[in-house]
Amino acid sequence: APYLQVNKLWKHYGNFAALKEVSLEIEEGEFVCFLGPSGCGKTTLLRAIAGLDPQSRGEIVQGGQTISRLPPEQRDFGIVFQSYALFPNLTVTQNIAYGLRSLKKSRQEVAQKVNELLETIGLPDMAHKYPAQLSGGQQQRIALARALATEPSLLLLDEPLSALDARVRLHLRQEIRSLQRKLGITTIMVTHDQDEALAMADRIVVMNHGIIEQVGTPEQVYRRP
Ligand code: ADP
Ligand code: ADP
């Protein structure tokens, strides 16, 4: 069975339907991009998978379990937003450790996990810095480490690169993809950038006006008819 199944999902804001009976299947370990113009419903679909907004109708199944009615704390995911969303008054270590503390890990376990993640994202010397002392690309790497700290089975990325300058963006594309491959973690990334989706995705979900227009590999989606 697919790792993630979205079945006939609807999301209304008042009378406006942001998602109209959206269905989708994602396999374990896939890197999937939601692609489409601003306002087409990409973020709404990602947030529905995370349980961050009440959905209107439909079902979401993750790892064989129906999660549609579970609050976000009871779902299994890590998430990275466009604008870093790091806690400005916490150090890098404290930011990354944030989710771990609620799991009641020992200080030693937390310190070990944080160090391991800082190595993984290539920022071993940043442990005691504050977010404002870091570049945008470094902050986004920290946000990624924080999302991965609890070892979730699903990684959700909401336009994680769009606030960064072009050079950093290209670099981080590769870093995220190689980290994702190494961990084998099922990943969904929202983007409005075709080039980014083409470069990164195993499969692209093309959305428009609250529906899925097309799903396929980059080759399938971009092949001329
Ligand atoms: P995308 O991520 O593709 O840019 P969104 O999922 O953010 O699009 O939004 C889809 C549509 O739903 C847009 O028309 C947006 O204006 C609308 N929308 C999103 N959030 C809300 C909200 N909280 N209240 C009302 N409308 C919303
Ligand atoms: P995106 O970068 O995904 O396009 P937006 O800028 O559309 O995001 O939305 C940013 C925030 O504003 C989101 O939390 C979204 O839910 C909310 N939002 C978007 N459109 C509306 C709307 N028409 N009414 C109220 N809230 C909205």
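The values are calculated or read from the model by the stated rules, or taken from the named source; none is laboratory data. Everything numeric here is computed off the predicted structure, so don't read it as measured data. Reconstructed Cβ throughout: ideal geometry from the backbone, glycine too, with neighbour counts over all protein chains shown. Just so you know, the surface numbers come from the protein's heavy atoms only, side chains and all, with ligands and any DNA or RNA stripped out. Shrake-Rupley method; radii C 1.70, N 1.55, O 1.52, S 1.80 Å.
Observations on the model:
- Of all residues in the stretch 159-195 being within 13 Å of ligand 2 (Cβ to nearest atom) and open to solvent by less than 20 Å² (accessible area, probe 1.4 Å), the one that is nearest to PHE77 (Cα to Cα): MET189
Conditions (1) surrounded by 15 or more Cβ atoms within 10 Å (Cβ to Cβ); (2) in contact with a Leu (Cβ under 9 Å, 6 or more places away or on another chain); (3) outside any loop (DSSP other than H, G, I, E, B); (4) at pLDDT 90 or above, marked per residue:
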| residue | (1), (2), (3), (4) |
| --- | --- |
| GLN94 | yes, no, yes, yes |
| LEU103 | no, no, no, no |
| GLN112 | no, no, yes, yes |
| GLU119 | no, no, yes, yes |
| LEU123 | yes, yes, no, no |
| HIS128 | no, no, no, yes |
| GLY137 | yes, yes, yes, yes |
| ALA145 | yes, yes, yes, yes |
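- Within the option set GLU30, GLU21, being more than 14 Å from ligand 2 (Cβ to nearest atom) and under 16 Å from the mean Cα position of the chain (by Cα) holds for one residue only, GLU30.
- Filtered residues of the stretch 1-17 (kept if open to solvent by 10 Å² or more (accessible area, probe 1.4 Å), touching a residue at least 40 places away in the same chain (Cβ under 8 Å) and out of contact with any Phe, Trp or Tyr (no Cβ under 9 Å at 6 or more places or on another chain)): ALA1, TYR3, GLN5, ASN7, LYS8, TRP10, LYS11, HIS12
- Among the residues here, SER83 qualifies as of a type in the set (Ser, Thr, Tyr), within 16 Å of ligand 1 (Cβ to nearest atom) and open to solvent by 70 Å² or more (accessible area, probe 1.4 Å).
- Picking from residues in the stretch 18-52 that are open to solvent by 20 Å² or more (accessible area, probe 1.4 Å) and in a strand (DSSP E or B), the one that is farthest from ligand 1 (Cβ to nearest atom) is GLU25.
- Looking only at the stretch 53-66, and only at residues there that are away from ligand 1 (no atom under 15 Å from the Cβ) and in a loop (DSSP other than H, G, I, E, B), the one that is nearest to LEU156 (Cα to Cα): GLY63
- Condition broken by GLN82, with the remaining ones in (1) within 16 Å of ligand 2 (Cβ to nearest atom); (2) outside any loop (DSSP other than H, G, I, E, B) satisfied: (2)
- Hits in the stretch 152-187 (condition: acidic (Asp, Glu) and within 16 Å of ligand 1 (Cβ to nearest atom)): ASP158, GLU159
- Any helices (runs of 4 or more DSSP H) falling wholly within the stretch 165-225 and containing at least 2 residues that are among the charged types (D, E, K, R), over 19 Å from ILE49 (Cα atoms) and in contact (Cβ under 8 Å) with a residue 24 or more places away in the chain: 166-183
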